[in-house]
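Structure first, commentary second.
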Amino acid sequence: MKSILLIGMGKFGQTLGEKLINMGDDVMIVDKDEDLINALAPKYNNALIANCMNEDNLKAMDIPSFDACVVAISDDFQSSLEITSILKDLGAKWVVSRADTEIQRKFLFRVGADEVVYPNHDIAEKLAVKLNSENVYDYIEIDSEYSIFEIAVPESWHGRTLVDENPRGKYGLNVLLIKKGKNIVPSPKPSYIFEDGDHILAFGSTEKILSFTNKNLQKSKLKAKKAKRNNY
């Protein structure tokens, strides 16, 4: 369980807060909107109505005692910028701030944010990947070069073993686990036989994995076209 200070309870802050609570974290929420805090307070261990632009208000919260401080403000970038800076000055261990543009992201890092989340950019990027690769179900970007993808295994893999396909050697895919519906096969053995409906969680170069998924998508489409012609 972690202790989290969550500043800014708009839609993003509320969604994040609920997720943290469900994971068992101790979450303190803060917003200057009295009606909003009064409505949300029953869900949290601690809720405070305060203007966090006021350094004295933040000092009173004992900032160093939190494992992480999240600045989830979305409608006032100046406030987000100043609060991020004050939190670091007060000894915050880890500050995560929200950005809505690339320029905001750069400024937040400059004033001391340890991590910057970029929800609109991340959602758009994930959607673009999914739209271009029908067999990609989810992915997590690790850095600018590497990601973890959840991929439906190609039909050509069905009935073949992991060592037969050699995803790492052929495609640069490091298979972390295999999902079979609701069941998970962690660190699968080389003798594992792929079945229809299997998904793999694979780590590797984002470029290589996208190339792999797109090639297999094109193969599937060509196969479907051939089957359609043979039916006539």
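The values are calculated or read from the model by the stated rules, or taken from the named source; none is laboratory data. Remember, predicted model here, so these are calculated numbers, not experimental data. With ideal geometry, Cβ positions are generated from the backbone for all residues, glycine too; neighbour counts draw on all protein chains shown. Heads up: the accessible areas ignore ligands, DNA and RNA and are worked out on the full protein's heavy atoms, side chains in. Shrake-Rupley method; radii C 1.70, N 1.55, O 1.52, S 1.80 Å.
How far is helix 119-132 tilted, in degrees, relative to the longest principal axis of the Cα atoms in the chain, given as a value from 0 to 90 rounded to the nearest 10? Result, in degrees: 10. Accessible area per residue (1.4 Å probe, heavy atoms of protein chains only) ranks Ser191, Ser144, Ser205 as Ser144, Ser191, Ser205, with the largest value leading. Just going by the charge dipole of the chain, with Lys and Arg at +1 and Asp and Glu at -1 on Cβ, which of Pro119, Gly13, Ile193 is farthest out on the positive end? Farthest towards the positive end: Ile193.
Enter the angle in degrees (range 0 to 90, nearest 10) between the Cα long axis of helix 77-89 and the first principal axis of the Cα atoms of the chain, meaning the one along which they spread out most. Approximately 80 degrees, to the nearest 10. Summed over the residues of the chain and divided among them, the accessible surface reaches 59 Å² per residue at a probe radius of 1.4 Å.
A simple charge model with +1 on the Cβ of Lys and Arg, -1 on the Cβ of Asp and Glu and nothing else charged puts the dipole of segment 25-75 at about 60 debye relative to its Cα centre. Note: the chain, Cα convex hull, 171 Å³ per residue. For Val70, the residues whose modelled amide H falls within less than 5 Å of its own, excluding neighbours fewer than 5 places apart on the same chain, are Leu5, Leu6, Ile7, Val96.
Phi-derived couplings, Karplus 6.51 cos²θ - 1.76 cosθ + 1.60 at θ = phi - 60°, listed residue by residue for segment 9-21: 10, x, 4, 5, x, 5, 5, 5, x, 5, 5, 5, 4 Hz, with x used for Gly and Pro. Amide H contacts of Tyr146 (H built 1.01 Å from N, in plane; Pro and chain starts excluded): Thr206 sit under 5 Å, all sequence-distant by 5 or more or on other chains.
With contacts taken as Cα pairs under 8 Å and at least 6 residues apart, the chain reaches a relative contact order of 12 percent.
Accessible area of the chain with a 1.4 Å probe: how many percent of it is carbon plus sulfur? Carbon and sulfur together cover 52 percent of it. Each Lys and Arg Cβ is given +1 and each Asp and Glu Cβ -1; about its Cα centre, the chain then shows a dipole of about 1840 debye. Annotation: the antiparallel percentage among DSSP beta bridges lying fully within the chain is about 55. Scalar couplings 3J(HN,Hα) for segment 199-207, obtained by applying the Karplus form with A = 6.51, B = -1.76, C = 1.60 to θ = phi - 60°, are 10, 10, 9, 10, 9, x, 4, 4, 4 Hz; x denotes Gly and Pro.
Peptides 177-184, 16-23, 35-42 ranked from most to least packed by the mean count of surrounding Cβ atoms within 10 Å: 16-23, 35-42, 177-184. Projecting the Cα positions of Met23, Gly172, Ser97 onto the charge dipole of the chain (unit charges on Cβ atoms of Lys, Arg, Asp and Glu, taken about the Cα centre) puts Gly172 furthest along the positive direction.
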